[in-house]
Amino acid sequence: MNLIGLNTSGLEAHLKEHGEAAFRGRQIADWIYKKGAADFSEMKNLSGALREKLGTADVLDFPRISKRTVAGDGTTKLLLEMNDGERIETVRLPYPDRLSVCVSSQAGCAMACQFCATGLSGFRRNLSTAEIIAQILLVKREGAQKETPTHVVFMGMGEPLLNTDNVFRTVELMHDEMGIPMRHITVSTVGILNGIEKLAQKKWQLTLAVSLHAPEDALRHELIPTSRKTSVSDIIAAAKSYVGQTGRRVTFEYVVLGGVNDSPKMARELARLCRGWPCHVNLIPWNDVPGAAFAGVKPEALREFRAILERAGISVTQRVQRGADVAAACGQLRALNEPIVREGIIPLSVV
Ligand code: SAH
């Protein structure tokens, strides 16, 4: 059995079933999640006999690191291969005061955002709890001291709120077993309404980030073709309900696309949606994706867009780009290593 993905009580139960003392389960949880062990032979406080027994009956099954690229700024992109050959990407982002991981929740993505490399590659399958937590454990092992990541963002490949069982279980493992504070975990969604509601009911103190990208329906539906049944006002209502249930402010992500959603008019509409309740806007200058029919935002347009929001009293930050030279920047992950299929890309009318 693969022991990655089991929590302490799951490991205790598993060990007991095999005639061992329950506390062995706690020790193993400690080795896997706190100390970052990748093999039973590293678990020094277990007897040789037990290590051998585990080695025959159980496995610590990690995806294979098939490629590692390190950017000039220290950002590391791992290309991981699953047992069935599916490939995903995970990004390690070291900062002076924190260590962030950008994890994938699915192989590919079905949301088809027209400006996103993963969206243009299509959906393969959900990742298991073990496959998601393994990304964080592998990132931990990348560090010289095997430092535990301090922050985790579900902003890699996939839509986390279409894989809620496994994503929620992974959040619990990160928090309960690895000691990552809820406030340092961000779940980013394209706006899956029932997923937002399920997450709200958990009452976790993590950050919900909702990808808005446009303050009005027509443009939003063009940018995110799968969002056609969801209106901007549905999204705002779901976000407000989330705030009401959790007491946490919501972040709106807004990928800024030159000449598409960066006009002063759009900024004013966005400000109107955000005014008067606890939310925050994170402006993400678009990272170039080869084959996508967009342009980056001009610095003056971005400055003006941001200034309009600020003047309206909206809390706003701007995403700092990292890892772009190894295509590890936000939205550039596309592990399938296939050329982007050009058919189906809707050329956008300029607004
Ligand atoms: N499915 C989730 C997580 C996706 S990735 C969601 O849609 O939120 C996290 C963020 O990166 C999303 O806001 C997504 O729109 C954004 N993104 C995608 N491609 C991008 C690109 N090329 N440049 C900048 N941001 C991008």
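The table for this structure:
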{"quantity": "Residue in the range 174-187 that is of a type in the set (Gly, Ala, Ser) and at negative phi present", "calculated": "no"}
{"quantity": "Considering residues of the range 222-233 that are touching a helix residue (DSSP H, G or I) at 6+ places or on another chain (Cβ under 6 Å) and surrounded by fewer than 18 Cβ atoms within 10 Å (Cβ to Cβ) only, the residue nearest to ARG306 (Cα to Cα)", "calculated": "SER231"}
{"quantity": "Residues being within 11 Å of the ligand (Cβ to nearest atom) and touching a Gly at 6+ places or on another chain (Cβ under 8 Å) - total across the range 285-297", "calculated": "8"}
{"quantity": "Flag for ALA200 being hydrophobic (A, V, I, L, M, F, W, C), more than 11 Å from the ligand (Cβ to nearest atom) and surrounded by fewer than 19 Cβ atoms within 10 Å (Cβ to Cβ)", "calculated": "no"}
{"quantity": "For GLY259: the one exception among (1) in contact (Cβ under 8 Å) with a residue 60 or more places away in the chain; (2) buried (at least 16 other Cβ atoms within 10 Å of the Cβ)", "calculated": "(2)"}
{"quantity": "Any hit, the range 284-303, residues being more than 27 Å from ALA328 (Cα to Cα) and not aliphatic (A, V, I, L, M)", "calculated": "no"}
{"quantity": "Hey, ARG248 touching a helix residue (DSSP H, G or I) at 6+ places or on another chain (Cβ under 9 Å), of a type in the set (Lys, Arg) and within 18 Å of GLU304 (Cβ to Cβ) or not", "calculated": "no"}
{"quantity": "Sole exception among (1) surrounded by 19 or more Cβ atoms within 10 Å (Cβ to Cβ); (2) among the hydrophobic types (A, V, I, L, M, F, W, C); (3) part of a loop (DSSP other than H, G, I, E, B) for ALA293, by number", "calculated": "(1)"}
{"quantity": "Qualifying residue in the range 159-176 (condition: in contact (Cβ under 8 Å) with a residue 40 or more places away in the chain, in contact with a strand residue (DSSP E or B) (Cβ under 7 Å, 6 or more places away or on another chain) and over 26 Å from ALA117 (Cβ atoms))", "calculated": "no"}
{"quantity": "Any hit, the range 308-318, residues being at pLDDT below 95, closer than 30 Å to SER105 by Cα and either outside the structural domain of THR118 (by TED's automatic domain parsing) or within 23 Å of the chain's Cα centre (by Cα) (or both)", "calculated": "no"}
{"quantity": "Failed item, numbered, when LEU162 is tested on (1) surrounded by 23 or more Cβ atoms within 10 Å (Cβ to Cβ); (2) within 16 Å of the ligand (Cβ to nearest atom)", "calculated": "(1)"}
{"quantity": "Condition met for THR189 (surrounded by fewer than 22 Cβ atoms within 10 Å (Cβ to Cβ), within 16 Å of the ligand (Cβ to nearest atom) and either under 12 Å from LEU161 (Cβ atoms) or at pLDDT 95 or above (or both))", "calculated": "no"}
{"quantity": "Residue in the range 266-286 that is of a type in the set (Phe, Trp, Tyr), surrounded by 14 or more Cβ atoms within 10 Å (Cβ to Cβ) and within 30 Å of THR69 (Cα to Cα) present", "calculated": "yes"}
{"quantity": "Sole exception among (1) within 14 Å of the chain's Cα centre (by Cα); (2) buried (at least 22 other Cβ atoms within 10 Å of the Cβ) for LEU137, by number", "calculated": "(1)"}
{"quantity": "Strands (runs of 3 or more DSSP E) (entirely within the range 76-142) containing at least 1 residues that are β-branched (Val, Ile, Thr)", "calculated": "76-81, 87-94, 99-102"}
{"quantity": "Pairs, first in the same structural domain as ALA22 (by TED's automatic domain parsing) and within 18 Å of GLU20 (Cα to Cα) in the range 46-67, second part of a helix (DSSP H, G or I) and basic (Lys, Arg), C-beta under 8 Å, six or more apart", "calculated": "LEU46/ARG24; LEU50/ARG24"}
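The values are calculated or read from the model by the stated rules, or taken from the named source; none is laboratory data. Keep in mind that what you see is a predicted model, and the values were worked out from it rather than measured. Cβ coordinates were reconstructed from backbone atoms using ideal geometry, including for glycine residues, and neighbour counts include every protein chain displayed.
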